[in-house]
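Presented below is the structure to which this report refers.
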Ligand code: TMP
């Protein structure tokens, strides 16, 4: 089971992803928690290049290719093997971030981004994506010191949010939109209930298949 967390900067998704990982581990599930950009040694070097405010001269295509390079490494080195081993993998950001930020935010070609995402991941798609949705002004107010992307203005973050909501509208089976303006524990309970529901449905499907085979 591959679960991702998405949302605009400072929406609270990292906190929620961490709480879900803790909850699932307590329930006895083997879980790997990772993030993008980064998640591998090479990926973390790319992350530093991407988020360093000194790199203000970075052009948008360079930015796009760096996110994809980090993802290609991450998918091959960590995500794909973990899923093959039957683990639950929780990832803080994945392909939907690139479509929202570089596609909707920067205005780069969305079809091209979709194709490049397919190449970088070998077509690996999450089964469940939590979109933590907050208005951009709430996110901006939440953080004092900002990295290169977080320093973008509210117009940029409005476009990113629109991108996320459109992606979620196109794939309601995978996306679960969470109102991120509520309290941490209330949000966590909703995410935990949804995930456990999906895991139970998956487990009963697997055991039904196994009993048909035996
Ligand atoms: P983080 O703050 O969630 O760790 O993410 C780092 C920043 O990178 C955040 O501003 C979103 C941005 N980002 C993109 O622009 N495109 C991507 O594909 C990813 C994964 C992140």
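When each of 153, 163, 180 is tested for being within 16 Å of the ligand (Cβ to nearest atom), at pLDDT 95 or above and farther than 27 Å from residue 40 by Cβ, the lone residue that passes is 180.
Evaluation of residue 9 against the conditions (1) surrounded by 18 or more Cβ atoms within 10 Å (Cβ to Cβ); (2) modelled with pLDDT of 95 or more; (3) near the ligand (Cβ under 9 Å from one of its atoms) shows that the sole unmet condition is (2).
Among the residues of segment 90-124, count how many are in a loop (DSSP other than H, G, I, E, B) and either more than 8 Å from the ligand (Cβ to nearest atom) or in contact with a helix residue (DSSP H, G or I) (Cβ under 6 Å, 6 or more places away or on another chain) (or both). It would help to see each step written out before you state the result.
First pass over segment 90-124, keeping only residues in a loop (DSSP other than H, G, I, E, B): 93-94, 106-109, 122-124.
Now drop any that are not either more than 8 Å from the ligand (Cβ to nearest atom) or in contact with a helix residue (DSSP H, G or I) (Cβ under 6 Å, 6 or more places away or on another chain) (or both), which leaves 106-109, 122-124.
Total satisfying the criteria: 7.
Exactly one residue out of 62, 40, 4 is closer than 21 Å to residue 175 by Cβ and either modelled with pLDDT of 95 or more or more than 13 Å from the ligand (Cβ to nearest atom) (or both), and it is 4.
With 108, 116, 112 as the choices, which residue is closer than 23 Å to residue 49 by Cβ and free of Cβ contacts under 8 Å to residues at least 12 places away in the same chain? Full working, then the answer.
Values: 108 fails: free of Cβ contacts under 8 Å to residues at least 12 places away in the same chain; 116 fails: free of Cβ contacts under 8 Å to residues at least 12 places away in the same chain.
None of the other options fit; the residue is 112.
The residue pairs whose first member lies in segment 80-105 and is closer than 19 Å to residue 119 by Cβ and touching a residue at least 12 places away in the same chain (Cβ under 8 Å), whose second member is in a strand (DSSP E or B) and near the ligand (Cβ under 8 Å from one of its atoms), and whose beta carbons are closer than 8 Å, counting only pairs six or more residues apart or on different chains, are 91/35; 93/35.
The values are calculated or read from the model by the stated rules, or taken from the named source; none is laboratory data. What you are looking at is a predicted structure, and each value in this text was computed from that prediction instead of being measured. Every residue, glycine among them, receives a Cβ derived from its backbone with ideal geometry; neighbour counts consider all protein chains shown.
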